[in-house]
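The values are calculated or read from the model by the stated rules, or taken from the named source; none is laboratory data. Model, not experiment: these values are computed from the prediction. A quick note on method: Cβ atoms are made from the backbone with ideal geometry, for glycine too, and the neighbour counts reach across all protein chains shown.
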Amino acid sequence: MKIELETRPCLVTFSNKKQVEGIFLGLFQHSYTHGDSPMAGGFKAGTVAYPIAIVEINGKMSEVRISQIEFLDVAKSEVSE
C-alpha cells in the first residue's frame with residue numbers, strides 16, 4: 001500500500017529561538033475538557049480547543065503552535081508583518 005501526502009518544507013522556531021527545518025504535514029485541532037474551577041465565582045466546566053501544526057523533524061513527528069511555522073516554499077515579501 002502506498003500513501004502519499006502533500007507536504008511543504010518549513011522552518012520551525014522554538015522558544016529558545018532555535019530554528020530547525022522540517023516538513024509540514026498538516027493542521028489539526030487539539031482539544032480537551034476541564035471541570036469547574038474550585039474557586040468561588042471561577043470558570044465553569046467546558047472545552048478548550050485550538051489549532052496545532054504537525055511537522056516532521058529529523059524523522060520524528062512533533063506538535064507545534066501554528067505561529068512557530070514559516071513555510072520555505074513561498075517567496076518572502078519585502079514588507080514583513
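Based on this model, can you work out whether Gly46 counts as of a type in the set (Gly, Ala, Ser), within 15 Å of Cys10 (Cβ to Cβ) and touching a residue at least 12 places away in the same chain (Cβ under 8 Å)? Show your work before the answer.
On the way: of a type in the set (Gly, Ala, Ser): yes; within 15 Å of Cys10 (Cβ to Cβ): no; touching a residue at least 12 places away in the same chain (Cβ under 8 Å): yes.
The answer is no for Gly46.
Can you report the number of residues in the range 15-45 which are out of contact with any strand residue (DSSP E or B) (no Cβ under 7 Å at 6 or more places or on another chain) and either among the small types (Gly, Ala, Ser) or under 29 Å from Ala75 (Cα atoms) (or both)?
Step one: of the range 15-45, the residues out of contact with any strand residue (DSSP E or B) (no Cβ under 7 Å at 6 or more places or on another chain) are 15-18, 35-44.
Pick out the ones that are also either among the small types (Gly, Ala, Ser) or under 29 Å from Ala75 (Cα atoms) (or both) and you get 15-18, 35, 37, 40-42.
The qualifying residues number 9.
Among what's in the range 14-46 and is under 27 Å from Ile69 (Cβ atoms) and among the basic types (Lys, Arg), pick the residue that is modelled with the lowest pLDDT.
Step by step, filter the range 14-46, then rank; the result is Lys17.
Within the range 23-81, track down each residue that is outside any strand (DSSP E or B), among the acidic types (Asp, Glu) and surrounded by 10 or more Cβ atoms within 10 Å (Cβ to Cβ). Quick ask: steps written out before the conclusion?
Residues of the range 23-81 that are outside any strand (DSSP E or B), as a first pass: 35-45, 58-59, 65-68, 72-81.
Subset that is among the acidic types (Asp, Glu): 36, 73, 78, 81.
Asp36, the sole residue that qualifies.
Give the range 28-81 a look and list any residue that's over 15 Å from the mean Cα position of the chain (by Cα) and of a type in the set (Phe, Trp, Tyr), or say none.
Hits for the range 28-81 are Tyr32, Phe43.
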